[in-house]
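Step one of this worksheet: look at the structure below.
The values are calculated or read from the model by the stated rules, or taken from the named source; none is laboratory data. All values reported here derive from a predicted model rather than from experimental measurement. When we count neighbours, we look across all protein chains shown, and the Cβ atoms used for this are built from the backbone with ideal geometry, even at glycine. When the accessible area is computed, the model is the full protein with side chains, heavy atoms only, and any ligands, DNA or RNA have been set aside. Shrake-Rupley method; radii C 1.70, N 1.55, O 1.52, S 1.80 Å.
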Amino acid sequence: MMPTCDEITKAVGKYNNENSTDDLALRSAFGTIQGVPPSSGRFLVEVCLIADWGSIPLMNFPFHDRVAMAEEIKTSWPVLRPMQSWHAENWDAETKMLTDAVGLLLSDTHLLPTPGVKKCHLSFLSKYLHGCVNDAFPIWDQNARTALNNDNDERSWLSYRNWVVCVRQEAATHKACCLEQIRLPGECLLRTFDKALYILGGEVAERKQDNKRESRLGKVHGK
């Protein structure tokens, strides 16, 4: 079952109530660091901010891997920088623009997989694209995939391109009925939708954990 407008509205309200302070602090930090020249370590700071915001454990994304990712982002910046100003009034045209952009990332960068980085951090890269390049890029992570019943765990640009289409199609169905009414002033609809997916996916995961605990307790007590 895909989320309903009522579920999305409640989830966004819950996210805003619980995370508004952190979101404001993150936006303030990005506003400051993005004015720093690339030669002054800007990309490493962005990588660390995004990784911490995305709650990627240091053991899964150690500092030397973050440095390697920042160096690759710096190398790929000529491809990424023009994407910051890519916007289209038409929703379908913007979707095509984004899928074309993912094609460029596939053919013209080495971001995925990043040389020297042990894991292919598609989750991180999607957050970086969303937070530091263009907020029309949707976030790919476990919560969002759970909320949309997407079990494709492949970490590639091709799978991300399919994810872009999937998320934007689902967001389009809720665009007029709820997302435009509940988004914060100046907030991208995809950011509003991602807030809902984050909460809804987390709630599904919690229910699954509760069911597992109940099942284990039932076995212990012979039920």
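Is segment 1-111 best put as rounded, prolate or oblate by its Cα gyration tensor, with a ≥ b ≥ c the root eigenvalues, rounded for a/c under 1.5, and otherwise prolate when a/b is larger than b/c, oblate when not? Oblate. Of His64, His130, the order by accessible heavy-atom surface (1.4 Å probe, DNA, RNA and ligands excluded), from most exposed downward, is His64, His130. In terms of accessible area, using a 1.4 Å probe and ignoring ligands and nucleic acids, Val36, Val164 rank largest first as Val36, Val164.
Across segment 101-118, computed HN-Hα scalar couplings (Karplus, 6.51 cos²θ - 1.76 cosθ + 1.60, θ = phi - 60°) run 5, 5, x, 5, 4, 5, 8, 10, 9, 10, 5, 9, x, 7, x, x, 8, 5 Hz from first to last residue, x flagging Gly and Pro.
Of the trypsin sites (Lys or Arg not before Pro) found in segment 73-123, those that fall in a DSSP loop while having at most 13 other beta-carbon atoms within 10 Å are Lys118. Accessible surface calculations at 1.4 Å, restricted to protein heavy atoms, place the chain at 53 Å² per residue.
Within the accessible area of the chain, the carbon and sulfur atoms contribute 54%, probe 1.4 Å, all protein chains present.
Solvent exposure of Thr173, expressed as accessible area, is near 90 Å², computed with a probe of 1.4 Å over the protein chains only. Answer rounded, prolate or oblate for segment 108-157, using the Cα gyration tensor with square roots of eigenvalues a ≥ b ≥ c: rounded when a/c is under 1.5, else prolate when a/b is larger than b/c, else oblate. Since a/c reaches 1.5 but b/c is at least a/b, the shape of segment 108-157 is classed as oblate. Once every Cα of segment 147-215 carries one equal point scatterer and solvent is ignored, give the base-10 log of I(q)/I(0) from the Debye formula at q = 0.28 Å⁻¹, two decimals. The computed values of log10 I(q)/I(0) come out as -1.21.
Rounded to the nearest whole Hz, the Karplus-based 3J(HN,Hα) values (6.51 cos²θ - 1.76 cosθ + 1.60, θ = phi - 60°) of segment 166-174 follow the sequence 4, 5, 5, 5, 5, 4, 4, 5, 10, with x at glycine and proline.
The slack between Thr32 and Gln209, meaning 0.36 nm per residue of separation minus the straight C-alpha distance, is 59.8 nm.
Scanning the chain for GluC sites (Glu not before Pro) in DSSP loops with at most 16 other Cβ atoms within 10 Å, what's the longest stretch left with none? Free of exposed loop sites, the longest segment is 1-88. With every protein chain in place and a 1.4 angstrom probe, the accessible-area ranking of Thr114, Thr146, largest first, reads Thr146, Thr114. For the pair segment 1-29 and segment 111-182, the centres of their Cα atoms are 16 angstrom apart. Over the C-alpha trace of the chain, radius of gyration and Dmax come out as 18.4, 64 angstrom.
For the options Pro37, Pro185, Pro138, a Gaussian network treatment of the chain with springs between C-alpha atoms closer than 10 Å singles out Pro185 as fluctuating the most.
Between Thr99 and Leu158, the distance separating the two model label sites (each 7 Å from Cα on the Cα→Cβ line) works out to 1.5 nm.
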